[in-house]
Amino acid sequence: MHAEAKSIRVWDLPTRIFHWSLVASFAIAFLTAESEKLRDIHVIAGYTLAGLIAFRLLWGFVGGGYSRFAEFLPTPQKLFDYLKSLIDGKPQHYVGHNPAGAVAIFLLLGFGIAAAASGWAVYEDVGGHFLEELHEGASNGMMAIVVIHIAGVIVSSWLHNENLVRAMITGWKKLRNENSAG
């Protein structure tokens, strides 16, 4: 007998708009990075990414519910316990971000800040080759975390039998009557 599912609003509209806008701006910036002809598009996408990250940093403190950083702060113990639950085959379920997802979010924000700041400096001819390398490294680091994040969403969706992509589009998750860690 399956537990009855109830729907709960997890992701508010500003968080969802931020998320998908960040996806688009980062993809555009990343895909136009090597083209001198598309440099203006690259720069606009980079400035958009920087503005979005500034919004998310603010929203992490003043936004609602599961969008607040305090709601998903990934302590080392929470991360260890979560990863151990995956290895043990009894994954902890979180309504909002799990600790591994939270680490990915903070890494994405950090790499995004580094990429945007160094990109601005390179565009303004400040800092020279070092900042070009920093910009490229931060962008590649961000892409690596994006790939890990997507894999985590797929695995978590499968482990918990929930569609996390749909939740990030609609804002709603179906919760089953099961133990949730957060």
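All of the numbers you see were taken from the coordinates with simple rules; none came from a lab. Nothing here was measured: the structure is a model prediction, and the numbers come from that model. Heads up, the Cβs are rebuilt from the backbone with ideal geometry, glycines too, and the neighbour counts pull from every protein chain shown.
Can you tell me, using C-alpha contacts under 8 Å and at least 6 residues apart, the relative contact order of the chain as a whole percent? Write down the numbers at each step before the final one.
On the way: 192 pairs, mean separation 58.1, N = 182.
In percent, rounded to a whole number, it is 32.
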What percent do you get for the relative contact order of the range 28-96 when only Cα pairs under 8 Å and 6+ apart count?
15
With unit charges on the beta carbons (Lys and Arg positive, Asp and Glu negative) and the dipole taken about the Cα centre of the chain, which residue among GLY96, PHE69, TRP59 sits farthest to the positive side?
GLY96
Pop a pseudo-label 7 angstrom from the Cα along the beta-carbon direction at both GLN77 and SER7 and give the gap in nm to one decimal.
3.7
Dmax and Rg, reported as Rg then Dmax, of the range 27-106 (C-alpha, Å)
17.4, 51
Quick one: plug the Kirkwood hydrodynamic radius of the range 1-159 (C-alpha pairs) into Stokes-Einstein at 37 °C, 0.692 mPa s, and report D in µm²/s.
191
Inter-site label distance for TRP172 and ASP40 at 7 Å from Cα along Cβ, in nm:
4.3
For LYS6, list the aspartates and glutamates whose Cα falls under 19 Å from its own Cα; do not include residues on the same chain fewer than 8 positions away.
GLU162, GLU178
Quick one: Karplus J couplings for the range 100-112, per residue in order, coefficients 6.51, -1.76, 1.60, θ = phi - 60°, nearest Hz, x for Gly and Pro?
5, x, 5, 4, 4, 4, 5, 5, 4, 5, x, 5, x
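From Cα pairs below 8 angstrom and at least 6 apart in sequence, can you work out the relative contact order of the range 61-144, rounded to a whole percent?
On the way: 62 pairs, mean separation 19.2, N = 84.
Reported as a whole number, the value is 23 percent.
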How many angstrom lie between the Cα centre of the range 140-168 and the Cα centre of the range 1-73?
14
Suppose every Lys and Arg Cβ carries +1 and every Asp and Glu Cβ carries -1, with no other charges. What dipole size does the chain come out with about its Cα centre, to the nearest 20 debye?
940
Assuming R0 = 25 Å, what is the FRET efficiency of ALA27 and PHE55, from their Cβ-Cβ distance, to the nearest 0.05?
0.85
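How do ILE28, ILE17 rank when sorted from fewest to most other Cβ atoms within 10 Å of their own Cβ? Numbers along the way, then the final one.
Values: ILE28 18, ILE17 12.
Sorted ascending by nearby Cβ count, the order is ILE17, ILE28.
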